2 protein chains.
Amino acid sequence: MFSKACEYGIKASIFIALNSYQEKRVSLKAIAKEIASPEAFTAKILQDLARHNIINSVKGAHGGFEINKKQISEIKLEQIVKAIDGDKIYNGCGLGLHTCDENHPCPVHDKFKDIRNDLKIMLETTNLEELALDIKAGASFLKI
Amino acid sequence: MFSKACEYGIKASIFIALNSYQEKRVSLKAIAKEIASPEAFTAKILQDLARHNIINSVKGAHGGFEINKKQISEIKLEQIVKAIDGDKIYNGCGLGLHTCDENHPCPVHDKFKDIRNDLKIMLETTNLEELALDIKAGASFLKI
DNA sequence: TTTATTTCGGATATTTTTATCCTATTTATA
DNA sequence: TATAAATAGGATAAAAATATCCGAAATAAA
């Protein structure tokens, strides 16, 4: 469904959010360990998220990644997915047609429409805060 | 959502079904042209579908691909997807966790559950016949 | 039986995605 | 100011997905 890069990006964002609530900045190393991802690859993704102003990066000693506490509940999964995978998840045709819409639908266009739309709504309405709270409560997990 | 291979496989199957209703066997060349796919790559996919007994291949002059007319309405999208992409679309965790279930959910497990299930139901209930009939009626398209 | 046609299948190539490595730069602190 | 701790980012490597090539095998028809 998502690329590996996107999976890492979502998990990393949740972990950063979780720590930001406690005013804790987290290092790349800590993030990669927590979400069980390759460190250098994760670094690239975090840079990408920082460039998109989804997370904030601080260089130098005692540096690391953080998210403005007040913004955590405003950040939607959609922003992370779009920053990393682009919007192909929205525009793309289920069967790869170049143009696929009501006037020129692919064979599964109608069948996919609702599913894709549900996914879209889910990504647009799910925010980082709720995901972080679940992790905090032990109701969900970032690895294994 | 699906791999390119899977997209080609679905479109090819629909085109073969369409022709099989008219007792017409179609060649790899004709298929690749109709669905705008690379010929040699499509060949591999058709071989795969044939090995899974979803389509039938006939070697030699006047050979090609066909589907038993009586089976067209019985072949579900699910079979094609599973033959080509495996069942990762069902078992895979949205965030790539090794184990992700009710007892050990990933952060988006609940959010994804319904969407994934809708997709599953769609693939399990959509058959080749209805897709072929839409193409025949000009209500959907295999390329562009 | 020869020839043309067509799929089969192994080998290889290209592209994209994922992952790693190394140096530069930034920053806090001793 | 020197040092250690971090991220930034360019270059490269490895793996996976996509795509191509070519000879072998099968089959219909001349």
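Check the range B:53-67 and report whether any residue there is in a helix (DSSP H, G or I) and either in contact with a Pro (Cβ under 6 Å, 6 or more places away or on another chain) or charged (D, E, K, R) (or both).
Taking every residue of the range B:53-67 in turn, none turns out to be in a helix (DSSP H, G or I) and either in contact with a Pro (Cβ under 6 Å, 6 or more places away or on another chain) or charged (D, E, K, R) (or both).
Can you tell which of B:GLY60, B:GLY92 is within 14 Å of chain A (Cβ to nearest Cβ) and out of contact with any Lys or Arg (no Cβ under 6 Å at 6 or more places or on another chain)?
Residue meeting the stated conditions: B:GLY92.
List pairs: first in the range B:43-62 and without any contact (Cβ under 8 Å) to a residue 60 or more places away in the chain, second crowded, with 16+ Cβ neighbours inside 10 Å and part of a loop (DSSP other than H, G, I, E, B), Cβ under 6 Å, 6+ apart or cross-chain?
B:LEU49/B:ILE55; B:ILE55/B:ILE67
Output the residues belonging to the range A:28-41 that are within 10 Å of DNA strand D (Cβ to nearest atom) and crowded, with 17+ Cβ neighbours inside 10 Å.
Answer for the range A:28-41, where residues must be within 10 Å of DNA strand D (Cβ to nearest atom) and crowded, with 17+ Cβ neighbours inside 10 Å: A:LEU28, A:ILE31, A:ALA32.
In the range A:12-57, how many residues are touching an Asp or Glu at 6+ places or on another chain (Cβ under 8 Å) and within 11 Å of chain B (Cβ to nearest Cβ)?
Residues meeting the conditions: 2.
Every residue, every condition in (1) within 10 Å of DNA strand D (Cβ to nearest atom); (2) crowded, with 21+ Cβ neighbours inside 10 Å, yes or no:
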position: A:ILE45; (1), (2): yes, yes
position: A:ALA50; (1), (2): yes, no
position: A:VAL58; (1), (2): yes, no
position: A:ILE67; (1), (2): no, yes
position: A:ASP85; (1), (2): no, no
position: A:VAL108; (1), (2): no, yes
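Tally up the residues in the range A:113-122 that are facing chain B (nearest Cβ under 9 Å) and either loosely packed, with under 14 Cβ neighbours inside 10 Å or in contact with an Asp or Glu (Cβ under 9 Å, 6 or more places away or on another chain) (or both), please.
Selection size over the range A:113-122: 4.
Considering only the range A:53-89, state which residues are over 22 Å from A:GLU23 (Cα atoms) and polar (S, T, N, Q).
A:GLN79
Based on what the data block shows, is A:ILE72 farther than 25 Å from B:SER3 by Cα and either part of a helix (DSSP H, G or I) or of a type in the set (Val, Ile, Thr) (or both)?
The answer is yes for A:ILE72.
With the condition kept exactly as written, say whether any residue in the range A:24-39 is within 10 Å of DNA strand C (Cβ to nearest atom), assigned to a helix (DSSP H, G or I) and under 25 Å from B:GLY92 (Cβ atoms).
Within the range A:24-39 (the criterion being within 10 Å of DNA strand C (Cβ to nearest atom), assigned to a helix (DSSP H, G or I) and under 25 Å from B:GLY92 (Cβ atoms)), the answer is yes, since at least one residue qualifies.
The numbers here are math on the coordinates, done by the rules we state, and not lab data. Only a predicted model underlies this, so the values are computations on that prediction, with no experimental measurement involved. No Cβ is skipped: glycine too gets one built from the backbone with ideal geometry, and neighbour counts run over all protein chains shown.
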